Amino acid sequence: MEYINIAEWFGIDKKVSALVDKLNTMPNVESIDFDLNGYLDRIYEVILIITFRETPESKEMGFYKAKDKFLKDVLKKCKSLGLKRTSDRIEEYGDYSYYIVFDSSSWNADRELAITATCSCCGKEETYTLKGEEVTTFEKYQSEGRSMGYLQDLFPKVPNWIRSGCIDQFSGGFCVCPDCGM
Ligand SMILES: [Zn+2]
């Protein structure tokens, strides 16, 4: 799966593109790629794969010194956008590519995920935007289900009928809007 699709699905696409913009201001960046597959398993990690490019300035500085400075700058920029290094070492691949793992759980507070319910009776649609903790709870609920507790306790702010139509795994999407209320 393309990282950009995962980023969109998990509501972190703006964060990721801000990071790309910031990293691209560095003259020694050849390419930037991400592995966000952890999100699919609710592991909130951003893996950055960044490739170094030599410039006349870096050649003058000497490769090892330039590479060190490059990595320090990369880490600083990532940190400034809320990413935290994990204990994983930075892995180095041929062609000056680096593989760096970051804990991105601080991004969860700003995450949003829109869910849309369709009334089974009149067809009316309504969208509710899950925010922050609600998003992570929603993702957890999708794999753990009702063992987590009652839906009304897990999602107290989501209107009842939207909860039935979009979250409850046992409703099969069946829900009735307040206008059609039974
Ligand atoms: Zn209705």
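The values are calculated or read from the model by the stated rules, or taken from the named source; none is laboratory data. These numbers come from a predicted model, not from an experiment. Here the Cβ positions follow ideal geometry from the backbone for every residue, glycine too, while neighbour counts run over all protein chains shown.
Identify the residue in the stretch 95-123 that is assigned to a loop (DSSP other than H, G, I, E, B) and within 16 Å of the ligand (Cβ to nearest atom) and, among all such residues, is surrounded by the most Cβ atoms within 10 Å (Cβ to Cβ). Per the stated criteria, the residue is Cys119. Out of Tyr98, Tyr64, one residue alone is in contact (Cβ under 8 Å) with a residue 40 or more places away in the chain and hydroxyl-bearing (Ser, Thr, Tyr). It is Tyr98.
Residues Glu134, Glu126: which one is more than 15 Å from the ligand (Cβ to nearest atom), crowded, with 16+ Cβ neighbours inside 10 Å and either among the small types (Gly, Ala, Ser) or not assigned by TED's automatic domain parsing to the domain that holds Glu8 (or both)?
Residue meeting the stated conditions: Glu134.
Picking from residues in the stretch 137-182 that are within 16 Å of the ligand (Cβ to nearest atom) and among the aromatic types (Phe, Trp, Tyr), the one that is surrounded by the fewest Cβ atoms within 10 Å (Cβ to Cβ) is Phe174. Taken over the stretch 29-70, the residue count meeting the criterion of being of a type in the set (Ser, Thr, Tyr) and surrounded by 15 or more Cβ atoms within 10 Å (Cβ to Cβ) is 4. Within the stretch 141-149, one or more residues are farther than 19 Å from Phe52 by Cα, without any contact (Cβ under 8 Å) to a residue 60 or more places away in the chain, touching a helix residue (DSSP H, G or I) at 6+ places or on another chain (Cβ under 7 Å) and not polar (S, T, N, Q).
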